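All remarks here apply to the structure that follows.
The values are calculated or read from the model by the stated rules, or taken from the named source; none is laboratory data. Because the structure is predicted, anything quoted here is derived from the model rather than measured. Neighbour counts run over all protein chains shown; Cβ positions are idealised from the backbone, glycine included. The protein model used for the area step is the full one, side chains on, heavy atoms only, and it has no ligands, DNA or RNA in it. Shrake-Rupley method; radii C 1.70, N 1.55, O 1.52, S 1.80 Å.
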Amino acid sequence: MDTSELDRTLSELTSTLGDPTRRGIYIAVRESPEAMTASRISQLFGIHTNVARHHLDRLAADGYLRVTRRRPPGKGGPGAGRPAKCYEATEKEIDFHYPARRYDLLAELLLRVIGELAPAHVSDVAVEVGRRYGTELAAEIGLPDQAGFQAAVKAVAGAMTGVGFVMGPDEDGLNLLTSHCPFGQTATAHPEVICSLDRGIVTGLMEALHQDCKPEVVPHSSLDEECVTRVAITRR
């Protein structure tokens, strides 16, 4: 790839996927086993349907998503009901054709540094670092106040998805289920640190939404399992 082509690609990625919410929406659609509607994205990220549709249409216009149509179920049989506008990921690759950065190696080495500096308090340090990052993330993306605890949990899931997780609330809205963790193998190798970091991020986001809680992370034992974050309201 020549310099002009690289500049063009970087500009496109920055303008389209630079927005944390839009990046999270793209990941959610890409990882979904079925096409998603603007209404579903709205529920998942705690945003207005029109805002969700704007992000989806922008991703479609730039070739990351394609628009499909499907008829909603329970509308009087085949052919009944107005087809819903749905979105699914295209085969467009996000690839610059240069050697991948070794973020896994970087994470591994940083964990070793932390372990040397504070071996007895490594989990506490990770929680505090995560909490501060969660607070900064909430301010960066303008996380709006949510009416109710379950709405706040949905908003946190959307924010986490925007930074590389694939996360959503369970049916009761009291647990966060993570099917993809951006820390990858590092998370399974060092759950005492990575899970503490995750717990801190969720804590910071919930605090920004004025929700007092003490998250507990139940780590997965393999990359194909879900990680569960139990979100419990602090009792006073």
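Key figures for this structure:
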{"quantity": "Residue in segment 179-194 that is modelled with the highest pLDDT, counting only those that are more than 18 Å from residue 161 (Cβ to Cβ) and crowded, with 21+ Cβ neighbours inside 10 Å", "calculated": "193"}
{"quantity": "Test: residue in segment 228-236 that is more than 14 Å from the chain's Cα centre (by Cα), modelled with pLDDT under 85, farther than 19 Å from residue 52 by Cα and basic (Lys, Arg)", "calculated": "yes"}
{"quantity": "Answer from 147, 107, 152 - the residue that is at pLDDT below 75 and either assigned to a helix (DSSP H, G or I) or surrounded by 13 or more Cβ atoms within 10 Å (Cβ to Cβ) (or both)", "calculated": "107"}
{"quantity": "Every pair of residues 6+ apart whose Cβ atoms lie under 8 Å, when the first sits in segment 17-39 and is in a helix (DSSP H, G or I) and modelled with pLDDT under 80 while the second is open to solvent by less than 30 Å² (accessible area, probe 1.4 Å) and among the aromatic types (Phe, Trp, Tyr)", "calculated": "17/26; 17/64; 21/45"}
